[in-house]
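Scroll down for the structure; my scribbles are underneath it.
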Amino acid sequence: MLTLLHEQQATTLPKARASDDSLWLDRQDIEAATGWAWKPEGLCRDEICIPLPRDTARPIVDQDKLDLAAMWRHMGQPVARDATASTWVLGTGPTQRALALTSLEAPDFELPDLDGTLHRLSDYRGKKVFLATWASW
């Protein structure tokens, strides 16, 4: 069993397989875990499509599976995994982070209040928000 962390989502992927630094997923798992769709023209999200690299030392496609880790690196995004390759993280690259910082808009997130009710930051856009954090360590 493999877990993929991406943006604010953790997805368990029973059909995924990992080998070395490769993370092999089918079309359905890629879209469910990342929101990107694997199409004939490449990896696509909304109006953006990134063509699959053709000249690579190792193949990026194996029958009906795509090495998502290799594709993520090709797109200039960070990839990390634990020592057992059972948990993978697909990060956001410095270009996207820099754009978010220049806009002065905090990324959206969701947290529970003391009663357990979930609140999204985006629900409060345009309003002043005070966020107090605390950690026991």
Task: One residue from 31, 105 being surrounded by 11 or more Cβ atoms within 10 Å (Cβ to Cβ), in a loop (DSSP other than H, G, I, E, B) and not aromatic (Phe, Trp, Tyr) - done: 105
TODO: Please work out if residue 58 is closer than 22 Å to residue 93 by Cβ and without any contact (Cβ under 8 Å) to a residue 40 or more places away in the chain.
DONE: yes
Task: Yes/no for residue 78 being free of Cβ contacts under 8 Å to residues at least 40 places away in the same chain, under 14 Å from the mean Cα position of the chain (by Cα) and more than 16 Å from residue 35 (Cα to Cα) - done: yes
- [ ] Return the only residue of 113, 20, 46, 82 being out of contact with any helix residue (DSSP H, G or I) (no Cβ under 7 Å at 6 or more places or on another chain), within 30 Å of residue 134 (Cα to Cα) and modelled with pLDDT under 90.
- [x] 113
Open item on the list: Tell me yes or no: at least one residue of the range 18-25 is without any contact (Cβ under 8 Å) to a residue 24 or more places away in the chain and either under 22 Å from residue 107 (Cα atoms) or touching a strand residue (DSSP E or B) at 6+ places or on another chain (Cβ under 6 Å) (or both).
Closed with: no
Open item on the list: One residue is enough: does the range 45-59 have a residue meeting the conditions surrounded by 15 or more Cβ atoms within 10 Å (Cβ to Cβ), over 17 Å from the mean Cα position of the chain (by Cα) and hydrophobic (A, V, I, L, M, F, W, C)?
Closed with: yes
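Here's the yes/no breakdown for (1) touching a Ser or Thr at 6+ places or on another chain (Cβ under 6 Å); (2) of a type in the set (D, E, K, R); (3) not in a loop (DSSP other than H, G, I, E, B):
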| site | (1), (2), (3) |
| --- | --- |
| 95 | no, no, yes |
| 101 | no, no, yes |
| 111 | no, no, yes |
| 115 | no, yes, no |
| 119 | no, no, yes |
| 122 | no, no, yes |
| 128 | no, yes, no |
| 131 | no, no, no |
| 135 | no, no, no |
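The values are calculated or read from the model by the stated rules, or taken from the named source; none is laboratory data. The shown structure was predicted, so the numbers you read here are calculated from the model rather than taken from an experiment. Cβ: placed from backbone, ideal geometry, glycine included. Neighbour counts: every protein chain shown.
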